[in-house]
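Report on one structure; see the data block that follows.
The values are calculated or read from the model by the stated rules, or taken from the named source; none is laboratory data. These numbers were taken from a predicted model, which means no experiment stands behind them. All Cβ positions, even for glycine, are placed from backbone atoms using ideal geometry, and neighbour counts span all protein chains on display.
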Amino acid sequence: MKNITVIGAGTMGNGIAHTFAQKGFNVSLVDISQEALDRGLGTISKNLDRMIAREKITEADKQDTLNNITTYTDLKEGVQQADLVVEAATENVDLKLKIFGQMDEFAPADCILASNTSSISITLIGAATSRPEKVIGMHFMNPVPIMKLVEIIRGYSTSDEVTKSIMDMSIQLGKTPTEVNDYPGFVANRILMPMINEAIETLYNGVAGVQEIDTVMKLGMAHPMGPLQLADFIGLDVCLSILEVMYDGFKNPKYAPCPLLVNMVMAGKKGVKSGEGFYDYSESKKAEKVSSSFA
């Protein structure tokens with residue numbers, strides 16, 4: 001596989017495109033918005049500049065990486081030559097099913113279709129195509145160029161051959177692929193999201209404040225960032241969406257989103273992306289100041 005198409009130029013999509021392009025793959029980056037594509041390329045360029053500053057790569061490496069990326073606003077055109085398509089659109093089941101129907105229609109018959117979904121069923125996504133055996137999950141971690149893990153999710157119909165191919169490709173990318181089965185939340189979010197939700201419950205019930213909760217988890221459990229800061233970084237809307245998928249899938253009240261999380265998302269407080277969540281990011285994106293709602 002040499003030609004890779006990435007659907008979606010947002011945080012995860014541009015990170016995935018960056019990672020493949022830096023390893024020498026031909027990358028087609030597709031988004032319905034030219035503005036989003038321009039922002040995505042700008043982010044990739046800035047991230048490559050950071051790598052140059054740290055002497056991880058050279059200026060020539062940066063140019064080679066950028067030259068490996070071609071952008072498209074038309075999905076049909078963007079997937080026609082693909083050996084692998086990685087969908088990295090918003091975590092919305094209806095949107096993903098629609099995109100996979102289009103990918104299935106326009107991509108070559110032998111092309112593998114992957115989703116970067118963090119919680120939605122790969123079996124369900126595969127069933128929206130005529131090639132469920134070639135549909136697989138590739139759940140990258142954010143920030144994609146840095147984080148080593150890729151959760152490889154087998155749907156009910158995903159073939160052994162496709163699974164091995166994607167595992168091998170992930171190793172080529174310098175990642176550590178970890179195979180998991182297709183159940184709500186997979187492994188990463190089945191464990192992570194209840195912890196984040198419980199941290200929000202702890203705040204909601206007045207046990208401790210934002211900084212206190214994060215300090216306990218950072219210094220007591222050696223987490224690199226606290227769960228509330230991490231929730232802001234992921235996006236509170238994304239956390240809510242994943243918890244809802246898990247709650248719907250298991251019907252277990254332990255996955256029910258905390259009412260505080262629901263209210264914050266409804267109020268537009270989505271974390272770093274909106275400028276405010278549990279922390280205020282109007283002046284810095286380093287979670288240095290607790291939101292006035294909790295101060």
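Restricting to the stretch 137-161, name every residue that is in contact (Cβ under 8 Å) with a residue 40 or more places away in the chain and either out of contact with any helix residue (DSSP H, G or I) (no Cβ under 7 Å at 6 or more places or on another chain) or closer than 19 Å to Asn189 by Cα (or both).
Of everything in the stretch 137-161, those that are in contact (Cβ under 8 Å) with a residue 40 or more places away in the chain and either out of contact with any helix residue (DSSP H, G or I) (no Cβ under 7 Å at 6 or more places or on another chain) or closer than 19 Å to Asn189 by Cα (or both) turn out to be Gly137, Met138, His139, Phe140, Met141, Asn142, Pro143, Val144.
Condition first: of a type outside the set (Gly, Ala, Ser) and over 22 Å from Ser118 (Cα atoms). Can you find one or more residues in the stretch 241-251 that meet it?
Checking the stretch 241-251: not a single residue is of a type outside the set (Gly, Ala, Ser) and over 22 Å from Ser118 (Cα atoms).
Which numbered condition in (1) assigned to a loop (DSSP other than H, G, I, E, B); (2) exposed (fewer than 15 other Cβ atoms within 10 Å of the Cβ) is the only one that Pro145 fails?
Condition (2) is where Pro145 drops out.
Among helices (runs of 4 or more DSSP H) lying entirely in the stretch 216-295, which contain 2 or more residues that are aliphatic (A, V, I, L, M), closer than 20 Å to Asn92 by Cβ and touching a Leu at 6+ places or on another chain (Cβ under 7 Å)?
By residue number, 236-250, 259-266.
Here are some residues: Thr158, Thr117, Thr176, Thr90. Which one is among the hydroxyl-bearing types (Ser, Thr, Tyr), more than 15 Å from the chain's Cα centre (by Cα) and closer than 30 Å to Lys251 by Cβ?
Exactly one residue qualifies, and that residue is Thr158.
Run down Ile152, Ile136 and say which single residue is more than 26 Å from Asn47 (Cα to Cα) and crowded, with 16+ Cβ neighbours inside 10 Å.
Just a single option satisfies the conditions, and that option is Ile136.
Return the residues of the stretch 162-210 that are among the basic types (Lys, Arg) and either assigned to a helix (DSSP H, G or I) or without any contact (Cβ under 8 Å) to a residue 24 or more places away in the chain (or both); say none if nothing qualifies.
Lys164, Arg190
Where in the stretch 1-77 are there strands (runs of 3 or more DSSP E), lying wholly inside it, with at least 2 residues that are without any contact (Cβ under 8 Å) to a residue 60 or more places away in the chain?
26-30, 69-72
Against the conditions (1) hydrophobic (A, V, I, L, M, F, W, C); (2) closer than 27 Å to Gly24 by Cβ; (3) under 16 Å from the mean Cα position of the chain (by Cα), where does Ile122 fall short? Just the number, please.
Condition not satisfied by Ile122: (2).
Given the residues Ile125, Ile112, Ile120, which is the only one that is assigned by TED's automatic domain parsing to the domain that holds Ser28 and at pLDDT below 95?
Among Ile125, Ile112, Ile120, only Ile120 is assigned by TED's automatic domain parsing to the domain that holds Ser28 and at pLDDT below 95.
Can you say whether Ser45 is touching a helix residue (DSSP H, G or I) at 6+ places or on another chain (Cβ under 8 Å), of a type in the set (Ser, Thr, Tyr), assigned by TED's automatic domain parsing to the domain that holds Phe106 and surrounded by fewer than 17 Cβ atoms within 10 Å (Cβ to Cβ), as far as the supplied structure shows?
yes
Report whether or not Val27 is at pLDDT below 95 and either under 19 Å from the mean Cα position of the chain (by Cα) or not assigned by TED's automatic domain parsing to the domain that holds Asp160 (or both).
no
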